[in-house]
Amino acid sequence: MLKFSYLILIVALVPFVVSSTHHKPKSCIEVKEYLNPTENNYFELYDDKGNSYKTFCDFESEPPFVWTLIESLTLTNAQKTMYRKNFAANIPLGECNTTWGLFRLPERNMQAILSSYGSTHYRATCNFNAEVGIGLDNRRDYVRFAKCRHATALTSGHTSTCTSIVDYINVRGHACRQCRVPFTGGSSQHIHIDLTRASTFCTTQSHFAVPDRITNEDVFGNYLNPNPLFSCAANENSTTNWWIGGVYLE
């Protein structure tokens with residue numbers, strides 16, 4: 001009877017072990033859960049149809065957050081009309097040769113990541129360095145916000161309201177937590193923040209005013225009016241990196 005009980009226990013465990021081993025992760029949070037890597041690297045993810053693709057996972061720069069890279073463009077490429085589009089536009093770049101200067105996931109892959117459990121936030125960084133250290137030295141020129149606070153980030157609808165509350169934003173050392181910042185985007189505009197609009201558009205208590213801004217300065221995308229003092233726009237090879245992620249708790 002004892003041997004039979006052991007047999008039942010082994011049989012009961014087999015399906016769990018097999019399904020875990022063959023799990024197809026849709027996001028870097030799932031990679032962390034099933035493979036438990038400790039260092040940043042490129043990993044294979046899967047879309048909703050089970051098709052595989054490769055992108056970069058950041059486990060180290062901002063624990064307990066885990067981030068999946070969805071786009072990275074140099075200033076030169078970010079300014080081109082063909083790439084200056086909202087994330088709803090399907091413009092896959094660098095699928096066969098991932099580079100930090102010209103990379104963007106297909107729209108279906110972004111949606112798969114966003115719908116994956118644990119994906120709760122967006123993030124934009126400047127000049128993330130995948131080759132050195134943890135990739136991000138500090139949170140200067142950085143923004144992070146919850147998807148529930150900005151539901152249209154992956155849609156083509158125009159957004160320019162004060163309904164978006166960011167967890168944290170930093171532009172050239174001028175920072176704000178839990179403040180309202182007007183994001184702008186649309187079918188012909190990459191999601192971004194116009195610093196002139198941000199300084200006046202929301203309520204007095206929530207103005208995000210950067211003193212050394214230029215007129216209609218664009219940050220974190222679009223770059224019709226870039227300012228070289230903003231590190232994403234410091235030179236033609238500076239990169240803007242967009243991510244989807246969330247908190248991973250062991």
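The values are calculated or read from the model by the stated rules, or taken from the named source; none is laboratory data. Being a predicted model, the structure only gives us computed values, none of them experimental. Every residue, glycine as well, gets a Cβ built from its backbone with ideal geometry; the counts of neighbours run over all protein chains shown. When the accessible area is computed, the model is the full protein with side chains, heavy atoms only, and any ligands, DNA or RNA have been set aside. Shrake-Rupley method; radii C 1.70, N 1.55, O 1.52, S 1.80 Å.
Exactly one condition in (1) at pLDDT below 90; (2) at negative phi is false for Val143; which is it?
Every listed condition holds for Val143 apart from (1).
Of all residues in the stretch 173-227, how many are more than 23 Å from Asp137 (Cβ to Cβ), touching a helix residue (DSSP H, G or I) at 6+ places or on another chain (Cβ under 8 Å) and touching a residue at least 60 places away in the same chain (Cβ under 8 Å)?
2
Results for (1) free of Cβ contacts under 8 Å to residues at least 24 places away in the same chain; (2) not small (Gly, Ala, Ser), shown as yes or no for each residue.
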position: Thr68; (1), (2): no, yes
position: Thr76; (1), (2): no, yes
position: Ala88; (1), (2): no, no
position: Gly101; (1), (2): no, no
position: Asn109; (1), (2): no, yes
position: Tyr117; (1), (2): no, yes
position: Asn127; (1), (2): no, yes
position: Ala130; (1), (2): no, no
position: Asn138; (1), (2): yes, yes
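If I ask for residues that are of a type in the set (D, E, K, R) and open to solvent by 40 Å² or more (accessible area, probe 1.4 Å), which ones from the stretch 24-71 would you list?
Scanning the stretch 24-71 gives Lys24, Lys26, Glu33, Glu39, Glu44, Asp48, Lys49, Lys54, Glu60.
Sort through Tyr122, Tyr83, Tyr117 and tell me the only one that's over 20 Å from Phe230 (Cβ atoms) and among the hydroxyl-bearing types (Ser, Thr, Tyr).
Tyr117
Does any residue of the stretch 97-108 turn out to be open to solvent by 40 Å² or more (accessible area, probe 1.4 Å) and within 15 Å of Ala153 (Cα to Cα)?
Within the stretch 97-108, one or more residues are open to solvent by 40 Å² or more (accessible area, probe 1.4 Å) and within 15 Å of Ala153 (Cα to Cα).
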